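A short write-up of the structure that comes next.
Rule-based calculations on the coordinates, nothing more; no lab input. Being a predicted model, the structure only gives us computed values, none of them experimental. Every residue, glycine among them, receives a Cβ derived from its backbone with ideal geometry; neighbour counts consider all protein chains shown.
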Amino acid sequence: MRLFFALTFDEQSRQRLAALGSALQTGRTVPQPLIHLTLLFLGEVDHHYLDDLKAIVVRLPPPPASLSVTHLGSFERGRSSIVWAAVTPQAPLLTLHQQISEEVERVGLPFDRKRFVPHITLARKVAEELQPLTQPFILYPNSVSLIHSHSERETLTYTPLISSVL
C-alpha cells in the first residue's frame, strides 16, 4: 500500500487553493478533493504496519488552527514544473511533522527523510511563468489523516484510512 500522512483542509480552503491551480493556463491541476499538505510520505508499506500507523494518528496533537499561504513556487521537472502554494513553517506544524517522523521511526518503517518544506501541490506539468500572489491568505485545517494513494479506474484516488477530525 502506498501511504502518507497529510493535513486536510475545510471546503473553503480547498476551494481557494483549487482556484489558484485553475488560474494556471497550462498543466494538470490537482482535483479539489485531493488537495492536502503532506506531513510525511511513507511510500509502499506492508499492510501489517497499518494498526501501528493508525495508532499514530490517534496520539497526535491537534494541528494548527490556521496556516498562512505566502506565495507560489515550483519544482522543475524537465520542461515543465510542479506548482505549489508555500505554507509558513510555523512551530505547531513543524512539531506535528517531527512527532509523526519520530513515531514512524519507532514503528521501524523507513520513510522519506528530505527536509520538510510545507507546501500544497496545485498543478503538475505546468509550462508557464508563475504570477505572484496578490496577498497571503489563511487556510483552515480540519484533520490529520493516514492516506492510501491508489488508482481506481485509471484515476488517482486518496482514501483516508483514519483521520483525527477537529
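The table that follows gives values for the structure above.
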{"item": "Extension gain, R79 back to H47 (0.36 nm per residue minus Cα-Cα distance, nm)", "result": "7.8 nm"}
{"item": "GNM flexibility winner over the chain from L122, L109, L53 (Cα, springs under 10 Å)", "result": "L109"}
{"item": "Contour minus Cα-Cα distance for E128 and Q25 (0.36 nm per residue)", "result": "36.3 nm"}
{"item": "FRET efficiency estimate (nearest 0.05) - Cβ-Cβ, D10 to E105, R0 25 angstrom", "result": "0.25"}
{"item": "The range 45-87-the range 1-18 distance, computed between alpha-carbon centres (Å)", "result": "8 Å"}
{"item": "The range 29-166: relative contact order in percent, alpha carbon pairs under 8 Å with at least 6 residues between", "result": "34 percent"}
{"item": "Per-residue [θ]222 nm for the chain (sum of -39500 (n - 2.57) over DSSP H runs n ≥ 4, rounded to 500)", "result": "-7500 deg cm²/dmol"}
{"item": "Protection proxy ranking, peptides 80-86, 54-60, average beta carbon neighbours within 10 Å, highest first", "result": "80-86, 54-60"}
{"item": "10 Å Cβ shell holding at most 16 others, DSSP loop, GluC sites (Glu not before Pro): longest site-free stretch of the chain", "result": "1-127"}
{"item": "Projected label distance in nm at H71 and T157, using a 7 Å step from Cα toward the beta-carbon", "result": "3.9 nm"}
{"item": "Dipole-positive endmost among T8, F116, G73 within the chain (Cβ charges, Cα centre)", "result": "G73"}
{"item": "Per DSSP, loop trypsin sites (Lys or Arg not before Pro) in the range 100-166 with at most 16 further Cβ within 10 Å", "result": "R113, K114, R115, R153"}
{"item": "Size of charge dipole - the range 2-165 - debye, nearest 20, with Cβ of Lys, Arg +1 and Asp, Glu -1, no other charges", "result": "340 debye"}
